[in-house]
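Everything on this sheet refers to the single structure shown next.
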Amino acid sequence: MEFAGYIFDLDGTLADTMPAHFLAWRQTAEKHKLELSEDRFYALGGVPSERIFAMLAEEQGVVIDPLACAHEKEDAFIELISEVEPIEPVIEVLRANHGKVPMAVATGAMKWVMDRIIDQLELRHYFQAFVSSEDTTRHKPFPDVFLEAARRLNVAPEKCCVYEDAQLGIEAGQAAGMHVVDVRNLHTPRRITAGA
């Protein structure tokens, strides 16, 4: 099938950031007396950090500032960013479509973190549009981030193909009426905790 636009999630799709993100999460959560298992971390893929901190605090009866914790977690992640590598099967799709079809990044990450990862992996030249967590009020599993990316590419949603690794993101892509490729079939992220 021919697509008029390609949209890519960032963490776990273009960039193998999930192990580094989990280490940053574990470090920040422990500091604030919160628990987050690796399985739960993967299940919440695509949800902005501030919302996850608010959810964990409410569930576990801990009083925190979710936004401050989210920034703390991102700072911890940036310390580990040199370990992040591109996910080659997805990068091959970028190379194959570069200059032929417009492409966008649509992520639940904060813009400054997205920019650091994109520049670290030298991917910026592939894309015509970037949508981060600040660009929509509703996040995955709502389709807003993907619909905004399609709008910026000037491509009808049903003519877009989304690459995504998280269940909530896959649901968001489907809700947007787009074709979705599940990156988990192409790549398995390294796990940090044994037996997780």
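Below, the figures for the structure above:
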{"quantity": "Every residue from the stretch 96-121 that is charged (D, E, K, R) and closer than 16 Å to GLY46 by Cα", "calculated": "LYS111"}
{"quantity": "The stretch 4-47, residues that are among the aromatic types (Phe, Trp, Tyr) and either closer than 14 Å to ALA109 by Cβ or surrounded by fewer than 18 Cβ atoms within 10 Å (Cβ to Cβ) (or both)", "calculated": "PHE8, TRP25"}
{"quantity": "Test for VAL63: is it over 23 Å from PRO141 (Cα atoms), β-branched (Val, Ile, Thr) and open to solvent by 60 Å² or more (accessible area, probe 1.4 Å)", "calculated": "yes"}
{"quantity": "Hits in the stretch 66-87 (condition: more than 18 Å from ILE52 (Cβ to Cβ), open to solvent by 80 Å² or more (accessible area, probe 1.4 Å) and in a helix (DSSP H, G or I))", "calculated": "GLU79, SER82, GLU83"}
{"quantity": "Single residue of the stretch 51-60 satisfying the filter (within 18 Å of the chain's Cα centre (by Cα) and closer than 12 Å to THR28 by Cβ) that is surrounded by the most Cβ atoms within 10 Å (Cβ to Cβ)", "calculated": "PHE53"}
{"quantity": "Looking only at the stretch 89-118, and only at residues there that are open to solvent by 80 Å² or more (accessible area, probe 1.4 Å) and assigned to a helix (DSSP H, G or I), the one that is nearest to ASP144 (Cα to Cα)", "calculated": "LYS111"}
{"quantity": "Enumeration of residues in the stretch 121-140 that are surrounded by fewer than 17 Cβ atoms within 10 Å (Cβ to Cβ) and part of a helix (DSSP H, G or I)", "calculated": "ARG124, HIS125, GLU134, ASP135"}
{"quantity": "Members of the stretch 154-172 found to be part of a helix (DSSP H, G or I), open to solvent by 20 Å² or more (accessible area, probe 1.4 Å) and modelled with pLDDT of 95 or more, listed by number", "calculated": "PRO157, GLU158, LYS159, GLU171"}
{"quantity": "Failed item, numbered, when GLY177 is tested on (1) part of a helix (DSSP H, G or I); (2) over 17 Å from the mean Cα position of the chain (by Cα)", "calculated": "(1)"}
{"quantity": "Those residues of the stretch 41-74 which are over 17 Å from GLU134 (Cβ atoms), at pLDDT below 95 and out of contact with any Gly (no Cβ under 9 Å at 6 or more places or on another chain), in sequence order", "calculated": "PHE41, ALA43, LEU44"}
{"quantity": "Qualifying residue in the stretch 104-118 (condition: within 17 Å of GLU134 (Cβ to Cβ) and among the hydroxyl-bearing types (Ser, Thr, Tyr))", "calculated": "yes"}
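The values are calculated or read from the model by the stated rules, or taken from the named source; none is laboratory data. Small disclaimer: the values here were computed from a predicted structure and weren't measured. Neighbour counts are summed over all protein chains in view; Cβ atoms, including those assigned to glycine, are modelled from backbone coordinates with ideal geometry. To get the accessible areas, we keep the full protein, side chains included, count just its heavy atoms, and leave off ligands, DNA and RNA. Shrake-Rupley method; radii C 1.70, N 1.55, O 1.52, S 1.80 Å.
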